[in-house]
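The values are calculated or read from the model by the stated rules, or taken from the named source; none is laboratory data. None of the values given here were measured: they were computed from a predicted structure. Neighbour counts are summed over all protein chains in view; Cβ atoms, including those assigned to glycine, are modelled from backbone coordinates with ideal geometry. These area figures cover heavy atoms from the full protein model, side chains too; ligands, DNA and RNA do not enter into them. Shrake-Rupley method; radii C 1.70, N 1.55, O 1.52, S 1.80 Å.
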Amino acid sequence: MSARRENGEKFLIDDYREAYDWIRQNTDPADKIMSWWDYGYQITGMANRTVLADGNTWNNTHIATIGKAFASTEEEGYKIARHLDADYVLIIFG
């Protein structure tokens, strides 16, 4: 992603790549990552980690459960993530 500074200079916003690189460098290859489904392919491709959902997840109940985790309190979301056997949770915002 890119943007322009006030002076018109273009710069790259590299947060996604940096996050995926951190995952690849700091997690075990067997770890499972819970994120919203649309980041799943990127995590798999760039961080080489298993995800709980991606754009090819057809199980609507599974995706709804992940959505519930993200919409719940931290305590309830943690319980859901552990139930789904997630080792890490990636939340992208902003």
Go through (1) without any contact (Cβ under 8 Å) to a residue 40 or more places away in the chain; (2) open to solvent by less than 70 Å² (accessible area, probe 1.4 Å) for PRO29 and report which single condition fails. (2)
Every residue in region 1-20 that is more than 17 Å from GLY40 (Cβ to Cβ), open to solvent by less than 90 Å² (accessible area, probe 1.4 Å) and of a type outside the set (S, T, N, Q), please. ALA3, GLY8, PHE11, ILE13, ASP14
Could you pull out the residue among ALA30, ALA53, ALA81, ALA71 that is modelled with pLDDT under 95 and out of contact with any Lys or Arg (no Cβ under 7 Å at 6 or more places or on another chain)? ALA53
Given (1) open to solvent by less than 60 Å² (accessible area, probe 1.4 Å); (2) of a type outside the set (S, T, N, Q); (3) more than 15 Å from ASP85 (Cβ to Cβ), identify the lone condition not met by MET46. (1)
Of the residues in region 18-35, those that are out of contact with any helix residue (DSSP H, G or I) (no Cβ under 7 Å at 6 or more places or on another chain) and not polar (S, T, N, Q) come to GLU18, ALA19, ASP21, TRP22, ASP28, PRO29, ALA30, ASP31, LYS32
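Taking the stated definitions as given, is THR65 touching a Ser or Thr at 6+ places or on another chain (Cβ under 9 Å), open to solvent by less than 80 Å² (accessible area, probe 1.4 Å) and among the hydroxyl-bearing types (Ser, Thr, Tyr)?
Values: touching a Ser or Thr at 6+ places or on another chain (Cβ under 9 Å): no; open to solvent by less than 80 Å² (accessible area, probe 1.4 Å): yes; among the hydroxyl-bearing types (Ser, Thr, Tyr): yes.
It is false that THR65 is touching a Ser or Thr at 6+ places or on another chain (Cβ under 9 Å), open to solvent by less than 80 Å² (accessible area, probe 1.4 Å) and among the hydroxyl-bearing types (Ser, Thr, Tyr).
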